[in-house]
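Visitor: Take this structure first; my questions come after.
Bear in mind these aren't lab numbers, they're just calculated from the coordinates by the rules spelled out. All values derive from a computational prediction rather than experimental measurement. A quick note on method: Cβ atoms are made from the backbone with ideal geometry, for glycine too, and the neighbour counts reach across all protein chains shown.
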Amino acid sequence: MILDGIGDRACRALEGKTPLEAAKTPNLDWFASKGKVDYCYPVREGYVPESDAGVVSLLGYDIGNVYRGSLEALGLGIKLRNGDLAFRCNFATVDGLGKEEGNVLDRRAGRTLTTHEARVLARAINSEVKLPFKFEFYPSVQHRGVLVIRGGFSNNISNVDAKDGKIVFSNALDDEEEGGKLSTELVNNFVRQSYEVLNKHPINLRRARKGLFAANVLLCRGAGNEVPRFKKLKGKWMSSADMPLEIGIARAVGMEIYRSKHPKFRGIDVYANLYAALKKNIKYSVRMLRRYSKKYDYFYVHFKATDLPGHDNKPLDKTRMIEMIDERFFGFLRKFIGERRLVVTGDHSTPCSLKAHSDEPVPVLSFNCANVKAGERRFTEREGLKGRRWVGRKLLEGTLFKK
């Protein structure tokens, strides 16, 4: 069970507590009091993991060949061949791409891009942008998307991203490698052309009139050029998740996928949509566990929603989401668990005060461990630091798979 970005720091809005400490979690407390609470560096100490590296490492794999773009593409069901260049993308907002411009006003277009708007903009990009190689841009969830350029390309390149509030274009990481230079030329050309299409598009003109951030540029990151493949996990696994990355990872390690579809985003109330998605994901995960409890040996459940308030500095919403998961999911699990084992952790910490991922460890709750005496314990960062230290790749072997 992975609660995305769950780790946090003391928040002034929560009177010096973290969201996990402030949340009322009677069901998680019950599991913690009868299990173990430790702490874990999802990849390694001192490393700030993105979700792809964090999840892959927690499942027991080396992150050396983890390419976010390829995993996101796999999660969307896009067929890749080795050499195809895949990027995970964000619709973002810039004030232009000239010499005096290029200020990134918002990396996620205010999180207010609707499903319909994203699809219309994607059609315009695929129709009007011209590259010397075949490509396709696929919208996924809200401001997210995937770009795939077909051919045989190097992925030894940097991201098109925001740095110090400015847009930074891709560069080859090896100046002597011709393939990297070609890849950077292609992705930078794509970004510049798509900006010209997006910036004048009627959807963005309407958004500007409404006072919303225009979705007028695409940040392209995590270049991958290989079909993701990992050694199959031991046992028979089922995955329940609603986001392309986690679905892609589950598919790459040989799990059977049961996907809760993310609800279409139609209005501008971002958090109303996030809560609706979380409720739907919880309900779907509970139903899948009930239905397939005897068919599979192991279950991987991932809730993305807890990461987003960290990025937005919304500790009250992060607390509320934790309470919702405790009531609706762990309340069910408490009755369902029986002799099964349970491991709960996060793929990384996303402190609200930082509005970004950090290298701080995440708490780990392991239930049904041998010779554990019941006691007053909670699933919190502070409680975890009293326990054993884990590093992601060793976690499942030491908890879930432990005899």
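Visitor: Radius of gyration and Dmax for segment 197-355's Cα atoms, expressed in Å?
Guide: Cα only, segment 197-355: 18.5, 59 Å (Rg, Dmax).
Visitor: Turning to a different aspect of this structure: Translational diffusion coefficient, Stokes-Einstein: compute it for segment 1-156 using the Kirkwood radius over C-alpha pairs as Rh, at 25 °C and 0.890 mPa s, and state it as an integer in µm² s⁻¹. Working shown, then result.
Guide: Details: Rh = 19.2 Å.
Result for D is 128 µm²/s.
Visitor: Where is the GNM fluctuation largest for the chain (alpha-carbon springs, 10 angstrom cutoff): His262, His143, His201?
Guide: Among His262, His143, His201, the largest GNM mean-square fluctuation belongs to His201.
Visitor: Evaluate the distance, in nm, between pseudo-label points positioned 7 Å from the Cα of Lys283 and of Glu15 along their respective Cα→Cβ axes.
Guide: Output for this residue pair reads 3.4 nm.
Visitor: Sticking with this structure for a sec: Per-residue HN-Hα couplings for segment 296-309, Karplus 6.51 cos²θ - 1.76 cosθ + 1.60 at θ = phi - 60°, whole Hz, x for Gly and Pro?
Guide: With the stated coefficients, segment 296-309 comes to 10, 7, 9, 10, 10, 10, 10, 10, 6, 4, 5, 6, 5, x Hz.
Visitor: Stokes-Einstein D for segment 94-144 at 4 °C, 1.567 mPa s, Kirkwood Rh over Cα pairs, in µm²/s?
Guide: The calculation lands on 102 µm²/s.
Visitor: Give me D for the chain in µm² s⁻¹, whole number, from Stokes-Einstein with Rh from the Kirkwood sum over alpha-carbon pairs, 25 °C and 0.890 mPa s.
Guide: On the way: Rh = 21.9 Å.
Answer from the Stokes-Einstein relation: 112 µm²/s.
Visitor: Report, for the chain, the % of DSSP beta bridges that are antiparallel, rounded to 5.
Guide: Of all bridge pairs located within the chain, approximately 70 percent are antiparallel.
Visitor: Among Ala86, Ala241, Ala122, which one moves the most in a GNM of the chain with springs linking Cα atoms closer than 10 Å?
Guide: Answer for the Gaussian network model of the chain: Ala122.
Visitor: While we're looking at this one, here's another question. At what distance in angstrom do the alpha carbon centres of segment 249-293 and segment 307-324 lie from each other?
Guide: 18 Å
Visitor: While we're looking at this one, here's another question. With a length cut of 30 Å (Cα positions projected on each helix's long axis) and a Kyte-Doolittle mean of at least 0.5, go through the chain and give me the DSSP H helices that pass.
Guide: Membrane-span-like by this rule: not one helix.
Visitor: Let me ask something else. Could you tell me what a quarter of the Cα convex hull surface of segment 72-214 works out to, in nm² with one decimal place?
Guide: Mean shadow area of the hull around the Cα atoms is 8.7 nm².
Visitor: In nm, to one decimal, how far is the modelled label at Arg291 from the one at Asn189, with both set 7 Å along Cα→Cβ?
Guide: 4.6 nm
Visitor: Could you sort out which of Lys166/Lys355; Lys210/Lys355; Lys280/Lys318 sit more than 21 Å apart by Cα distance in this structure?
Guide: Lys210/Lys355, as the Cα separations exceed 21 Å there.
Visitor: Using only helices, what value at 222 nm comes out for the chain when you add -39,500 (n - 2.57) per DSSP H run of length 4 or more and divide by the total residues, to the nearest 500 deg cm²/dmol?
Guide: About -10000 deg cm²/dmol.
Visitor: Using a Gaussian network model on the chain with a 10 Å cutoff between Cα atoms, which of Glu128, Glu381, Glu50 fluctuates the most?
Guide: Glu128
Visitor: To the nearest 0.05, what FRET efficiency results for Lys200 and Arg150 with a Förster distance of 41 Å applied to their C-beta separation?
Guide: 0.90
Visitor: Also, quick follow-up: May I ask you to evaluate 6.51 cos²θ - 1.76 cosθ + 1.60, the Karplus curve with θ = phi - 60°, for each residue of segment 348-361 and list the ³J(HN,Hα) values in order in whole Hz, giving x for glycine and proline?
Guide: So the J values, rounded to whole Hz, are 5, 9, 10, x, 4, 5, 8, 6, 6, 5, 9, 8, 6, x.
Visitor: Ok, one more. How big is the dipole moment of the chain about its Cα centre under a simple scheme where the beta carbon of each Lys and Arg is +1, that of each Asp and Glu is -1, and everything else is neutral? Debye, nearest 20, please.
Guide: Roughly 2040 debye, rounded to the nearest 20.
Visitor: Taking loop as defined by DSSP and a crowding limit of 14 other beta carbons within 10 Å, which GluC sites (Glu not before Pro) in segment 169-204 fit? All intermediate terms of the calculation are to be shown ahead of the outcome.
Guide: Numbers: sites: Glu176, Glu177, Glu178, Glu185, Glu196; in loops: Glu176, Glu177.
Counting only loop positions with at most 14 other Cβ atoms within 10 Å, the GluC sites (Glu not before Pro) in segment 169-204 are Glu176, Glu177.
Visitor: Based on the Cβ-Cβ distance from Asp62 to Arg209, what FRET efficiency comes out when R0 is 35 Å, to the nearest 0.05?
Guide: Working from the Cβ atoms, E equals 0.10.
Visitor: Next question. Which value results for Rg/Rh of segment 339-403 when Rg is the Cα radius of gyration and Rh the Kirkwood radius based on the inverse mean 1/r?
Guide: Taking Rg over the Kirkwood Rh, I get 0.99.
Visitor: Can you bin every Cα-Cα distance in segment 125-166 into 10 Å intervals starting at zero and give me the percent of pairs per bin, rounded to whole numbers?
Guide: Spelled out per bin, shortest first, that is 20, 45, 34, 2.
Visitor: Find the centroid of the Cα atoms in segment 1-57 and in segment 132-189, then give the distance between the two in whole Å.
Guide: Rounded to whole Å, the Cα centres lie 33 Å apart.
Visitor: I need the P(r) histogram for segment 157-210: all alpha carbon pairs, bin width 10 Å from 0 out to the longest distance, whole percents.
Guide: Over segment 157-210, the share of Cα pairs per 10 Å bin runs 23, 35, 29, 10, 3 percent.
Visitor: Quick one: putting +1 on the C-beta of Lys and Arg, -1 on the C-beta of Asp and Glu, what dipole do you get for segment 1-111 around its Cα centre, in Debye to the nearest 20?
Guide: In debye, rounded to 20, segment 1-111 gives about 240.
Visitor: Obtain the radius of gyration and the Kirkwood radius of segment 244-328 from its C-alpha atoms and give Rg over Rh. Provide the component values of the computation, followed by the final result.
Guide: Working: Rg = 14.1 Å, Rh = 14.2 Å.
Looking at segment 244-328, the ratio lands at 0.99.
Visitor: Determine the relative contact order of the chain: mean sequence separation of Cα pairs under 8 Å and six or more apart, normalised by residue count, in whole percent.
Guide: Contact order relative to length: 33 percent.
Visitor: Per residue, how big is the convex hull around the C-alpha atoms of segment 127-275? Give it to me in cubic angstrom, could you?
Guide: 161 Å³
Visitor: When only C-alpha pairs under 8 Å and at least 6 residues apart count, what is the relative contact order of segment 125-246, in percent?
Guide: Numbers: 143 pairs, mean separation 28.2, N = 122.
RCO, segment 125-246: 23 percent.
Visitor: Once both labels are modelled 7 Å past Cα along the beta-carbon direction, what's the Asp95-Glu177 spacing in nm?
Guide: The answer from the label model is 3.6 nm.
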